[in-house]
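Data first, discussion second: the structure below is written as structure tokens.
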Amino acid sequence: TVERVLSDRRVIELRTAAGALTNVYVPQDSPETVDNEFKRLRSGDFVRLQGIFLGENRFELTRVVKQPD
């Protein structure tokens, strides 16, 4: 679940099903499709994301796999 979208920092804060908070970073050089999906995300959205593991509770977004209707 999307907790917060920090557009100015290009960060999505997600709450996992287990209750952990995870930060997902959106690189500046992301493809336009990823940028567009990022801009559409809102708090409370249920999403499935694909990314690169950067460390404990930190990922870099590469693709939004599932966006809410």
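For the reader, a short list of remarks on this structure follows.
- Verdict on residue 43 being of a type in the set (Gly, Ala, Ser), buried (at least 16 other Cβ atoms within 10 Å of the Cβ), free of Cβ contacts under 8 Å to residues at least 60 places away in the same chain and not in a strand (DSSP E or B): no
- Pair list, Cβ under 8 Å, 6 or more apart: region 8-33 residue free of Cβ contacts under 8 Å to residues at least 60 places away in the same chain, other residue loosely packed, with under 11 Cβ neighbours inside 10 Å: 10/28; 22/16
Each reported figure results from applying straightforward, stated rules to the coordinates on display, with no laboratory input. Predicted model only: the values in this text are computed from it and were never measured. Here the Cβ is made from the backbone with ideal geometry for all residues, glycine too, and neighbour counts use every protein chain on show.
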